[in-house]
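Laboratory data are not the source of any read-out in this text; all were calculated from the coordinates shown. As the structure is a computational prediction, the values presented were derived from the model and not from experiment. Backbone-built Cβ (ideal geometry, glycine too); neighbour counts: all protein chains shown.
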Amino acid sequence: MEKYILFLFLACVICTAAAQPADNKASFDAMEACIRTGDVTALSAWFPNTLECNLLGEESAYSKAQATMVLKNFFEQHPPAKFAFKHSSDKQTVKYAIGILQTKNNDILRVTILIKDQNKELKIQQLRIERE
């Protein structure tokens, strides 16, 4: 009986651990789609109360509402044509993704997002968009 209980416990632990990267991957995929289409409203679901942004060298911390407006303006001036994450890490301590954004203005920009777990939810702590 003890072996059976131990087996069930280990199976639950393994399933829980295996599910976490898939959730992170799904979140990264959804964020990638938002950036690719310039859908800041959907992307803002991952914004915390305060978001650190560096947009082409202009660095500031914004409230969620301010960050949404600033990024909407950014994507109006730099409409996305193509975007894909090229590298991501979903390690327990640090989660980040780096991608290349090609705009309709023919700009090539590097997008880096740093993500943290807050109350068991992924939140974007820092968003950087820099010229490649």
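Database remark: amide H of Ala81 closer than 5 angstrom to the amide H of Gln102, Thr103, Lys104 (H placed geometrically; neighbours at sequence offset of 5 or more, or on other chains; Pro and chain starts carry no H).
The ranking of Ile98, Ile35, Ile108 by Cβ neighbour count inside 10 Å, starting from the fewest, reads Ile108, Ile98, Ile35. What the phi angles of the range 67-72 give under the Karplus curve with 6.51, -1.76 and 1.60, with θ = phi - 60°, is a coupling list of 4, 4, 5, 4, 6, 4 Hz, glycine and proline written as x. For Gln125, the residues 5 or more places off, or on other chains, whose built amide H falls under 5 Å of its own are Leu114, Ile115, Lys116. For Lys116, the lysines whose Cα comes closer than 18 Å to its Cα, not counting residues fewer than 8 places off in the same chain, are Lys25, Lys64, Lys91, Lys95.
Counting charges near Lys116 (Lys, Arg +1; Asp, Glu -1) among other residues having Cβ under 10 Å from its Cβ returns a value of 0. Each of Glu32, Glu59 was scored by other Cβ atoms within 10 Å of its Cβ. Listed from fewest to most, they are Glu59, Glu32.
Modelled spin labels at Gln66 and Ala26, positioned 7 Å past Cα toward Cβ, are 3.4 nm from each other.
Working note: Karplus 6.51/-1.76/1.60 with θ = phi - 60° gives the range 46-63 the couplings 9, 7, x, 4, 10, 10, 7, 10, 10, 10, 6, x, 8, 10, 6, 9, 10, 5 Hz, where Gly and Pro are set to x.
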